[in-house]
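The values are calculated or read from the model by the stated rules, or taken from the named source; none is laboratory data. What you see is a predicted model; the values in this text were computed from it and never measured. Glycine gets a Cβ as well: all are built from the backbone with ideal geometry, and neighbour counts include every protein chain shown.
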C-alpha cells in the first residue's frame, strides 16, 4: 500500500511538472500604455526567445549579428525593409530575417502592428545594432553610440521609403 501511494505521488508530481504554458496570441494586448514599441517576453531558454511585439509607428533599421529572427504578423499592416528591399506586410505574413540582415518596419494601419517574434539562439537584448543611415551608406552604430568616423554630425540623406528614427523606441 505504501509503495502504491509513493507511485501515485510521483506520477502526480510528474504530470504537474510537465504542464505546458499556453497563451492565446489573438487576445494578448499590452497591459499598460506605450509610446511606440511594446515588447512582451513570452518564453526564453538557451536556444530561443519568443516575444509579442506591438508597433504603433516604426522600428528603426537594425541588424542582429548572431540571431535569426522569425516574424509572424498577427494584426495590422506595415511597410517592411529587409536586406535592401521594401515590401508590404499584413496579417498572416511570415518573414525570416537571417543574421546580419538589416530590417525595419513602418506601421501603415490605424491600429498597432502586432507580431510574434522568435529569435534563435536566446536573445538577451545585446545583439541589436542600430543603423543610423541607409544600409547602402554603411554607417552602423550600436544603441546610442556614434560611429568612429562620424565625429561631426552629418546631415541625414532622406531616401524614398526611408524608415524614420524614433526616440524612446522600446518602452
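Assorted remarks:
- Condition met for residue 44 (over 11 Å from the mean Cα position of the chain (by Cα) and within 20 Å of residue 23 (Cα to Cα)): yes
- Each residue in region 62-80 was checked for being surrounded by 14 or more Cβ atoms within 10 Å (Cβ to Cβ) and within 18 Å of residue 118 (Cα to Cα), and 13 pass.
- A count restricted to region 85-135 and to residues that are at pLDDT 95 or above and surrounded by fewer than 13 Cβ atoms within 10 Å (Cβ to Cβ) stands at 9.
- Assessment of region 35-43 against the conditions (over 30 Å from residue 129 (Cα atoms) and modelled with pLDDT under 95) yields no matching residue.
- Qualifying strands (runs of 3 or more DSSP E) (wholly inside region 25-79; at least 2 residues being farther than 20 Å from residue 107 by Cα and touching a strand residue (DSSP E or B) at 6+ places or on another chain (Cβ under 9 Å)): 37-44, 49-55
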